[in-house]
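To start, the structure under review is shown below, and the notes come after it.
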Amino acid sequence: AQSVTQPDIHITVSEGASLELRCNYSYGATPYLFWYVQSPGQGLQLLLKYFSGDTLVQGIKGFEAEFKRSQSSFNLRKPSVHWSDAAEYFCAVLNTGTASKLTFGTGTRLQVTL
Amino acid sequence: KAGVTQTPRYLIKTRGQQVTLSCSPISGHRSVSWYQQTPGQGLQFLFEYFSETQRNKGNFPGRFSGRQFSNSRSEMNVSTLELGDSALYLCASWTGPEQFFGPGTRLTVL
């Protein structure tokens, strides 16, 4: 069965600093991978996705992620964090086998200090 | 294009009651999935519907049920509510691999 691991539960960065959120996945076939962001009391907003092709994908709000098959990783990065980026971030893999079901990691809560 | 809408946004119920949550997908999307989000268990898949048919169900008891209508709107129902059912229930709609989520319904069971 597929699984997603986000090893960092909570990360604090200073505004203007760079950010990297880690995600490791386990999936038998070529994965469809996603990063979502959730602000308090809100739903999930899609930041970016990887299906195939170029392993460096660009998303909204200045985020990017790199797919590394050899490491089973899909880490999210941003060169300069803004205070408004404080939120919870979820990595997810799509099961395209029996049904279109997303399996999520446990999330990483990002705190931004001014 | 309007996004996924969920109603109501907040609900308070007592143990033993039942509840119905509604989800209206993005226009043109025929697939809807439901997820439960709790602090302890995280985001867990409940069920998936396509063209009024349930295609998959997660590991939840039979108290959790759902349906989809011909206009793709979906409802989920939880009967005999338990305290542990308190959660944010999220609905997602899609037509391809990307799933778009609604704001969720926050259910509190007292």
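Each value in this text was obtained by applying a stated rule to the coordinates, not by laboratory testing. The model shown is predicted, which means the values in this text are computed figures rather than measured ones. Here the Cβ positions follow ideal geometry from the backbone for every residue, glycine too, while neighbour counts run over all protein chains shown.
Our summary gives chain A a relative contact order of 37 percent, counting only alpha carbon pairs under 8 angstrom and 6 or more residues apart. Among the residues of A:46-55, the average count of other protein chain beta-carbon atoms within 10 Å of the residue beta-carbon is 1. Each Cα pair under 8 Å and six or more residues apart adds its separation to the average, and for chain B the resulting relative contact order is 37 percent. Rg over Rh for the stretch A:1-108 works out to 0.95, both radii taken from alpha-carbon positions and Rh defined as the Kirkwood radius. Sorting A:72-78, A:38-44, B:52-58 by average packing, meaning the other beta carbons within 10 Å per residue, from highest down gives A:72-78, A:38-44, B:52-58.
Projecting label points 7 angstrom from Cα along Cα→Cβ for A:Arg22 and A:Ser72 puts them 1.4 nm apart.
Here is the result for the stretch A:10-45: no chymotrypsin sites (Phe, Trp or Tyr not before Pro) lie in DSSP coil with at most 11 other C-beta atoms within 10 angstrom of their C-beta. Within a straight-line Cα-Cα reach of under 20 Å, A:Lys68 can be paired with the following lysines, leaving aside sequence neighbours fewer than 8 residues apart in one chain: A:Lys49, A:Lys78. Note on B:Phe60, B:Phe101: ascending count of other Cβ atoms within 10 Å places them as B:Phe60, B:Phe101, the fewest first. Normalised by the number of residues in the stretch B:68-110, the average gap of Cα pairs under 8 Å and 6 or more apart makes the relative contact order 38 percent.
Fully extending the segment from A:Ser52 to A:Ser84, taken as 0.36 nm per residue of separation minus the present Cα-Cα distance, adds 8.5 nm.
Which shape class applies to chain B: rounded if a/c is under 1.5, otherwise prolate when a/b exceeds b/c and oblate if not, where a ≥ b ≥ c are the square roots of the Cα gyration tensor eigenvalues? Taking the square roots of the gyration eigenvalues as a ≥ b ≥ c, chain B is prolate.
Just going by the charge dipole of the protein assembly as shown, with Lys and Arg at +1 and Asp and Glu at -1 on Cβ, which of A:Gln58, B:Thr53, A:Ala29 is farthest out on the positive end? Positive-end residue among those listed: B:Thr53.
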